[in-house]
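None of the figures in this text is laboratory data; all of them are computed from the coordinates on show. None of these values were measured; they are calculated from a predicted model. A quick note on method: Cβ atoms are made from the backbone with ideal geometry, for glycine too, and the neighbour counts reach across all protein chains shown.
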C-alpha cells in the first residue's frame, strides 16, 4: 500500500515526521536508487527500495520509549560535527535507534523523551495536541507579580504572541527566584526568552514534566523505559493513546 514517504520514515524510527521531511528536502532519501525531494511522493515499501544515508529503511521496529534526565553540556541531536557530547551517549543498554522528541538546550537539564516512534513524536510536538511542558527556572532578581501576570497572559516574542502560561513562585529572594512555569509551545529557548523579556535572566533551567509524566527522582544522566500508562500521562484525557 502506498504511503507518504515521510510517514514511512517516521514509522521505521528514522526520525519524527517533521524531521523526516527535512531529510527528504536535503536529498538524503532515495527510492529505487533515485533521490526524492518532493514532499508529496507516495511509496509502497513492499515493492520499492527506500534508503536513507545509503542504508535500506527496514520495516517498523518495536517501539521504544525512553525518559532521560539530561544533564547540561549535552546536545539533543544524534550527531555533532564539532564532536561535542550528545544525549544518546547516555543510553548504554538501549539497542533501538531512538531520537529526541524536540530538544533541550545545551545549557538546560531535565526530562527528555527519546523514541523510535515518529507518530508519537509528532503528537507531542504538534501544537494542536497542547502537550504541556513544565520547567523549574531560577531567574535573576525577584520578578514582580505584574510582570509574571504578563507572561501568564502571553507576550509578544519575536513577532508573535506566546500562548498563556502557568507560573508558580517556589522560592523568592532579592538576588534570585525559583519559579515553576508550564507552557505547551516549543519555540527555541522560549522560557529563557520569556523571562528575559521582563528583565529577569534565567540562571538555571530544568524541565520536570511532559503533561503529567514527571521526572521524579530519576538521577541526572540516567534513563528509564516508559510503559503505556506512562505515555498516557503525557496527554490529556481526550488525547490519550491507550484506553480501557
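Annotations
- Each listed q (0.18, 0.22, 0.26 Å⁻¹) maps to a log10 I(q)/I(0) for region 132-210 from the Debye sum over equal C-alpha point scatterers, namely -0.64, -0.99, -1.44.
- Highest-MSF residue in the chain out of 116, 142, 132 [GNM, Cα springs under 10 Å]: 142
- Over region 3-56, equivalent-ellipsoid semi-axes from the Cα gyration tensor in Å: 14, 12, 11
- The length gained by stretching the chain between residue 180 and residue 44 to full extension, at 0.36 nm per residue less their Cα-Cα distance, is 44.3 nm.
- Model label zone, residue 132; criterion: amide N under 15 Å from point 7 Å along Cα-to-beta-carbon; scope region 174-192: 180-185
- Distance cut-off 18 Å, percentage of C-alpha pairs in region 59-191 lying past it: 62
- In this calculation the C-beta distance from residue 233 to residue 55 is compared with R0 = 25 Å, giving a FRET efficiency of 0.10.
- In the chain, the alpha-carbon atoms span a convex hull of 153 Å³ per residue.
- Contact order normalised by residue count of the chain, Cα under 8 Å, 6+ apart, percent: 20
- Label-point separation in nm, residue 153 to residue 3, each point 7 Å along Cα→Cβ: 4.6
- Rounded to the nearest 500, the 222 nm mean residue ellipticity of the chain from helices alone is -5500 deg cm²/dmol, with -39,500 (n - 2.57) taken per DSSP H run of at least 4 residues.
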